[in-house]
1. Can you pull out every residue in segment 136-146 that is surrounded by 14 or more Cβ atoms within 10 Å (Cβ to Cβ) and not in a loop (DSSP other than H, G, I, E, B)?
2. Please state which of the following conditions Ser39 fails to meet, knowing it meets all the rest: (1) of a type in the set (S, T, N, Q); (2) under 18 Å from Ala107 (Cα atoms); (3) in a helix (DSSP H, G or I).
3. Tell me which strands (runs of 3 or more DSSP E) are completely within segment 70-135 and hold 3 or more residues being in the same structural domain as Ala21 (by TED's automatic domain parsing) and under 23 Å from Asn303 (Cα atoms), or say none if there are none.
4. Look through Gly409, Gly447, Gly474 and report the one residue that is surrounded by 24 or more Cβ atoms within 10 Å (Cβ to Cβ), touching a residue at least 40 places away in the same chain (Cβ under 8 Å) and assigned by TED's automatic domain parsing to the domain that holds Ala378.
5. Determine whether segment 295-309 contains at least one residue that is touching a helix residue (DSSP H, G or I) at 6+ places or on another chain (Cβ under 9 Å) and in a helix (DSSP H, G or I).
6. Report yes if some residue within segment 449-460 is farther than 24 Å from Asp230 by Cβ, outside any loop (DSSP other than H, G, I, E, B), modelled with pLDDT of 95 or more and under 24 Å from the mean Cα position of the chain (by Cα); otherwise report no.
7. Any residue that is among the aliphatic types (A, V, I, L, M), touching a Leu at 6+ places or on another chain (Cβ under 6 Å) and buried (at least 18 other Cβ atoms within 10 Å of the Cβ) - is there at least one of those in segment 3-11?
8. Gly374 is checked against (1) under 24 Å from Asn314 (Cβ atoms); (2) in contact with a His (Cβ under 9 Å, 6 or more places away or on another chain) and fails just one. What number does that condition carry?
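The values are calculated or read from the model by the stated rules, or taken from the named source; none is laboratory data. All values derive from a computational prediction rather than experimental measurement. FYI the Cβ positions are ideal-geometry reconstructions off the backbone, even for glycines, and counts take in every protein chain you see.
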Amino acid sequence: MNIQLQVLGEQLRAVAEEMGAALIRSAFSANIKERRDCSTALFDARGRMIAQAEHIPVHLGAMPDAVAAVAARGPQPGEVWVLNDPFAGGTHLPDVTMVSRTELGYAVSRAHHADVGAAEPGSMPAESRTLDEEGVVIPPTRLDDATLAGLIAQMRNPEERRGDFRAQLSAHHLAEQRVAELCARRGRDTVAAAMDELFAYSERVVRASLARLPDGRWEAEDVLEATDGDLTIRAAVTIAGDAIEIDFAGTSPQHAGNLNAPLAVARSASYFVVRCVTDPDLPASGGAFAPVGVRAPEGCLVNPLPPAAVAAGNVETSSRIVDVLFTALGHALDVPAQGQGTVNNVTLGNERFTYYETIGGGQGACPHADGPSGVHVAMSNTLSTPVEALELQYPLRVERYGLRPGSGGQGEHRGGDGVVRELRVLEPCRLSLLTERRATSPRGARGGGDGAPGRNRVNGRDVPAKVTLDLDAGDVVTIETPGGGGYGTG
């Protein structure tokens, strides 16, 4: 890569990063402001991702579908479009995506809003069976003041919602300005040519990395812990020369509940794994996705048909896809042991407030090091809400927050430990939990021990991995997250 291309690539990535910084710093909710559950990127005029901020893998890999859905409707310069429909470019309903035109293509942001109008506060219900039960469904729609007001009127805590939507809009106004400045400084044709080459460069690097891996076909499967019985994710991974094909044939049919993952989410998880085993330090662009083919039968768990519910699919099923693909590749490559395999979704709220968080856990050990403890792994790249911010903004108190010693798997290299997080609610509210790895353990690798499964409790009593229930003032919710698997016999 020549010097001019490196400079232009960094300038484009800086625009994406500045978009994210503007969104985070001006957001109202802790979920975006503190946990940074949002992502930003720049696309070219052909709808190809060129530069992204280092944000949330499950958001970013699925963004091209959102751009394609908006581009098909002929957006004009100066317009901002909004969507969250998982069957029209979205992931799950709380992830609201905005797409706007820039001088050279599109700016995109995706942020998890703390409520989008479901019957359950926080819009992450454990028991939804259709998409409409999970909140307001937004097809690709041109966003103006009247549309924004109409959306906010259907959601809880309208002032917080308005603040987060306005923060997202500000990121798009900034992107339009920064791209125009870059074109004025460097020349529009030069920047457009650099976009083409950045996309091509990422593709060349990933293809070269794949070509160095052994050719072959490997299979693996794992289960999701649905309330009505385990669901299977099965995948076959084929490397042939400089391309990789991932086939989910044999995966369970789509679920009557909400563990369904839209195909864009399945692709996103697949892209993440391929990036990890090829060149994880490569500045990401859509070119890195080009050598990856993903197939899944229509109507299966990872390619559901509408109106399937998908709230947990975006977070929990995507995590299990990562586990399955790493397990398959582990037959030929030295890959880490499994990490916690869940993002431990906790939603608390009533008609006055909504609070959502995910909780870190143990990462799997790798051939050369122990796994890190208490981290957000795989498809999540969020932070934990600081105790001070949480207690200042919400009627909640953190009674305990620390590592869960001994939960990581044994081995030559130990898996990372999970955490214990204990929250006391100060007023009546609803609790929704969407968690995994409560009945099954994250697996060790090459003879390493499995990590400890997680555990959920309310007032000291065990509750299911997926549950929605009422809480009274003073009730205590305790989440013990899984540890990562160990590596080697030790």
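1. Passing the criteria: only Thr141.
2. Only one criterion in (1) of a type in the set (S, T, N, Q); (2) under 18 Å from Ala107 (Cα atoms); (3) in a helix (DSSP H, G or I) is unmet by Ser39, namely (3).
3. Passing ranges, in order: 95-101, 105-112.
4. Just a single option satisfies the conditions, and that option is Gly409.
5. no
6. For segment 449-460, residues farther than 24 Å from Asp230 by Cβ, outside any loop (DSSP other than H, G, I, E, B), modelled with pLDDT of 95 or more and under 24 Å from the mean Cα position of the chain (by Cα): absent.
7. Our first condition is that a residue be among the aliphatic types (A, V, I, L, M); within segment 3-11, this holds for 3, 5, 7-8.
Still in the running and touching a Leu at 6+ places or on another chain (Cβ under 6 Å): none.
Checked against the condition, which is being among the aliphatic types (A, V, I, L, M), touching a Leu at 6+ places or on another chain (Cβ under 6 Å) and buried (at least 18 other Cβ atoms within 10 Å of the Cβ), segment 3-11 yields no hits at all.
8. Failed condition: (2).
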